[in-house]
Structure formats: C-alpha cells, structure tokens
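The structure appears below as structure tokens.
The values are calculated or read from the model by the stated rules, or taken from the named source; none is laboratory data. If you're wondering where the values come from, they're calculated on a predicted model, not measured in any experiment. Methodologically, a virtual Cβ is constructed for each residue, glycine included, from the backbone with ideal geometry; neighbour enumeration extends over all protein chains shown. Note: accessible area is taken over every heavy atom of the protein model, side chains too, but ligands, DNA and RNA are not part of it. Shrake-Rupley method; radii C 1.70, N 1.55, O 1.52, S 1.80 Å.
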Amino acid sequence: MAASCVALLAVAASLLLLLLLVSWKRWRQGRGKWHVIIVVLGDLGRSPRMQYHALSFVKSGFSVTLLGFCNSRPYDELLQNNRIQIVSLTELQKLPVGPYVFQYGVKVVFQSVHLLWKLICREPAAYIFLQNPPGLPAIAVCWLVGCLCGSKLIIDWHNYGYSIMGLVHGPSHCLVVLAKWYEKLCGRLSHLNLCVTNSMREDLAENWGIKAVTVYDKPASFFKETPLDLQHQLFMKLGRTYSAFKARSEPLDPATERSAFTERDAQSGVVTHLRGRPALLVSSTSWTEDEDFSILLAALEKFEQLILDGESLPSLVCVITGKGPLKEYYSGLISQKRFQHIQVCTPWLEAEDYPLLLGSADLGVCLHKSSSGLDLPMKVVDMFGCCLPVCAVNFRCLHELMKHEENGLVFEDSEELAAQLQMLFSKFPDPAGKLNQFRKNLRESEQLRWDESWKQMVLPLVMDTWPLEPKTECS
C-alpha cells in the first residue's frame, strides 16, 4: 500500500511539473480578455445556477468554456450557443479496494491533475468562475492556474463542502475536519466571492474572514405558469411512461384525448380540466442526506387516512423528480406503501419538461434543510417563478425566501405538513381557497428574473474586479 502511494505521488509530481511548464508557455501567449472559464466539479446538467451564469456571460459579450461532468443533459439554449464550449471532465469511480481515506486521497490526486490538465489546455481566460461546493481540490487548482495564466478567480459559494461531507461521516471525522480547514484557507485566495444568502455572507465574513456579495437565486424566464394545452401535451407524454398521468377512465368519444388531469375535445380541440381530477403535488430533490422524504411519506399516509375517514379531499398524484444516491432507498419505502387514493412516481425529467411540470402543478413541497443552514433551495425559487405555492420544511435562513401565509406555508414535521395539505386541498379546486390566494400573491409579486438580477448584481462586480477594454467590432 505504501509503495503504491509513493508511486502515485511520483507520477502526480511528474505530471504537475509538465503541466506547469505548459501553463507557463500559454501564459506568455496572453489571456483571452473576454473569455470566462466556468468550473463545476459536478454534473453540469444538475447545476442550473452555473448554466445561468454561462448564458449571462455570453449575453454580456463573453465567450465561455464550461468544465464539468456531463451526466445529465444541460439546457438546450446552452447546448445550441456557439459561444459556449462544454468540456467534459472524467469522473473517477469508487475504487473497489482500500480504506475510504485512501480511496478519497486517490480521487483528490486524480481530480487535481485531471482538472489542471483540462484548464491549461483551454484558451487562457480573464476569469475562472468556480462553483463551491465541491471545492476540494478545485479551489487550489483554479487558483494555481489563475496565477500562471493571469486569470482572476471568482468563487460562487452555494454551501460549504465540509458540511455536506459531515452529513455522511459526522462533523468530527478527519476528512471533514481537513475539508473545513482547506475550504477556509483556500477560499481566501479568490479575487471575488459570491454567495446565495445574507446569512452565508455574514458567516463567511465573521468566521472565515471572506468578504462576499449576496446574489440570490432567481427563476429563469422559462419558469412560468404552463398554458392548459401545454399541460395536456406534457401529461399525455408522461402518461406513456408513468401510469400516474394516465386517464382513470375512458372518454365516451374514442377520439377524445384524456390524461389523469385534462382532456382535449375531439371536435373543437379545446383542452379542459377533468371534473374530479386529482391534485398534482410536486417536489424535486437530489436524494441526499439533507432532505428527509420520510416526512412527506408520513404526511401522505395521514392525508390518505383523512380521505378514508370521509373528509372531502381529492386524490393526489405526488411527483418527486431528481437523481441522487438515496433515490433507491426512498423508492423502496414508497413501494411498501399501500395507498388507495395517492399515487407517487419518481421520474427524471428532461430539462425542458421540468418547468412545464412546475407550471402545471397545484402545490410544491420542499424538504431541503441545508447541511450548513445557510443556503436556500433553488427548487422553491423555480416554483415561485411558476407561481406555484409551496409548503417547505423550516430551517435557519428559510425566511430569506419563504413568507409564511403569503407565498406558502412553513412546517416543522409530518403532522404539521399533513394538516397543511388538508387545509389547502379542502374542497379542491376552490377558486376562493387558500391555495389560489397564495398563487394570486405570487402573480402580483412581480418577481425579478435571473437575467435582470445578473445584470444588476454580477456584471458590475465582475467588471470592477478587472476592468476590460471595450470590445471592438472585430472582437
């Protein structure tokens, strides 16, 4: 084992020397003043904020190179933009042998060398824009490349990486302690820091000595209420794969197209909601330790019992979208339930279908609690963009996004969530009910969208970090 570690380190040192020499050569050639490299040491398709950053940079005249794992399909707008180059990073799979600490060490060494190689093979950029977490080893590598190539490092703090590791290993584990020390030390190397909440901004300043600027997540322009005809098309499409979206009964006219929620008249082509349709409840997740879906399942069991006891409540279709390590575990729990009036399905949606689903739903549920207590769930931002009321589990800084009894409800446990579901879906669909009042409040709130927010907040900060010469017609 020791010999293997020494050999691995020797190879890494040799590669590092080679990379440094190549970097020095590229640095002498000069950096691309209107070029940005965005680094995500994770799945690009599941990193919407970084995709938004990329598109915003392009709209402001930059060219963008986007580095990350290509496990999920990004937005079509990003794929079709000829000023955005996507560079795939190789994800090292878990080693079958050795203790966890050794496996993690090998992974870090591999990612360091691999990321360094990918960065220096790109056109030098004015800015390296890094998502954190994960920041180990990306922060140090991006800082080193920035020093060699004359690029400014910008870190966008979404959370703390060590706090996510702590959910799995415990806060006192040696790797968690090391990760916290690394994140705190290397986080100070950047030229500009962005973060997602005021609570995180204050924590970075007080406990880490890092000055950051809060840039709240905002919904993209395509998160909006879905017209009824598009809802019907989506339900028919999903019904071909997921039984929860299929019609419960056949229409009298065989030419009529019917889903679980809607039907299209064969003669006029007009789409209407079905009478007695189920309510559509939506949640999305990365299936990680900071979201406890047993809370939702317990609330659904209580809701089912209320229906069995004779309460005037609709059937429910509960759609939980996303990928992640705990999906198989929760899918097993869901399969053990014997619901009569509730259907639960767990699809992975295409990027373009996800906003359509949110814009078609009756209620969103969020179980994100934040490993650090300092970040906000982007899924709620997207739901609000679609004017979808939300029930969200409470945690430290949720008040920066959720307004209880205004755009939704905040709950503490499954009992409280079940009571909220009962209240919101009583006499569904009731135009005068609380659910529609929340939706009306969201429509009237005139939410700022991502593009406008980015131009106001991020672009001036980036240009102040390193003022660039105005682009000419030939640039």
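Taken over the stretch 373-413, residues that are in contact with a Lys or Arg (Cβ under 7 Å, 6 or more places away or on another chain) and more than 18 Å from Asn198 (Cα to Cα) amount to 5.
Checked against (1) outside the structural domain of Arg46 (by the TED database); (2) in contact (Cβ under 8 Å) with a residue 24 or more places away in the chain, Pro99 passes all but condition (2). Counting only residues that are touching a strand residue (DSSP E or B) at 6+ places or on another chain (Cβ under 8 Å) and modelled with pLDDT under 90, which one in the stretch 72-94 is most open to solvent (accessible area, probe 1.4 Å)? Going through the qualifying residues, I end up with Glu91. No other residue among Leu119, Leu175, Leu136 is buried (at least 24 other Cβ atoms within 10 Å of the Cβ) and part of a helix (DSSP H, G or I) apart from Leu119. Applying a threshold of 7 Å to beta carbon distances and a minimum spacing of six or more residues, or different chains, the list of pairs starting in the stretch 78-91 at a residue that is over 30 Å from Lys107 (Cβ atoms) and ending at one that is open to solvent by less than 40 Å² (accessible area, probe 1.4 Å) reads Asn81/Val58; Arg83/Val58; Arg83/Ser63; Arg83/Val64.
Among the residues of the stretch 288-325, those identified as surrounded by fewer than 16 Cβ atoms within 10 Å (Cβ to Cβ) and not in a helix (DSSP H, G or I) are Glu289, Asp309, Gly310, Glu311, Ser312, Lys323, Gly324, Pro325. Using the structure shown, decide if Ile164 is part of a helix (DSSP H, G or I) and surrounded by 17 or more Cβ atoms within 10 Å (Cβ to Cβ). Yes; evaluated as a whole, the condition is true for this residue. Entry remark, the stretch 148-161: residues being modelled with pLDDT of 90 or more and open to solvent by 20 Å² or more (accessible area, probe 1.4 Å) number 2 in total.
Looking across the stretch 343-357, the residues that are open to solvent by 10 Å² or more (accessible area, probe 1.4 Å) and among the aliphatic types (A, V, I, L, M) come down to Val344, Leu349, Ala351, Leu356. When we screen Val113, Val97 for residues that are modelled with pLDDT under 95 and part of a helix (DSSP H, G or I), the only hit is Val113.
Rundown of residues vs (1) in contact with a strand residue (DSSP E or B) (Cβ under 6 Å, 6 or more places away or on another chain); (2) outside the structural domain of Ala279 (by the TED database); (3) farther than 20 Å from Ala298 by Cβ, yes/no style:
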site: Asp382; (1), (2), (3): no, no, yes
site: Cys391; (1), (2), (3): yes, no, no
site: Phe395; (1), (2), (3): no, no, no
site: Glu405; (1), (2), (3): no, no, yes
site: Glu415; (1), (2), (3): no, no, no
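Within the stretch 444-463, identify whether any single residue is farther than 23 Å from Pro48 by Cα, open to solvent by 30 Å² or more (accessible area, probe 1.4 Å) and touching a Leu at 6+ places or on another chain (Cβ under 9 Å), and answer yes or no. Checked the stretch 444-463: no residue is farther than 23 Å from Pro48 by Cα, open to solvent by 30 Å² or more (accessible area, probe 1.4 Å) and touching a Leu at 6+ places or on another chain (Cβ under 9 Å). Number of residues in the stretch 37-58 that are closer than 22 Å to Val381 by Cα and either among the charged types (D, E, K, R) or in a helix (DSSP H, G or I) (or both) equals 14.
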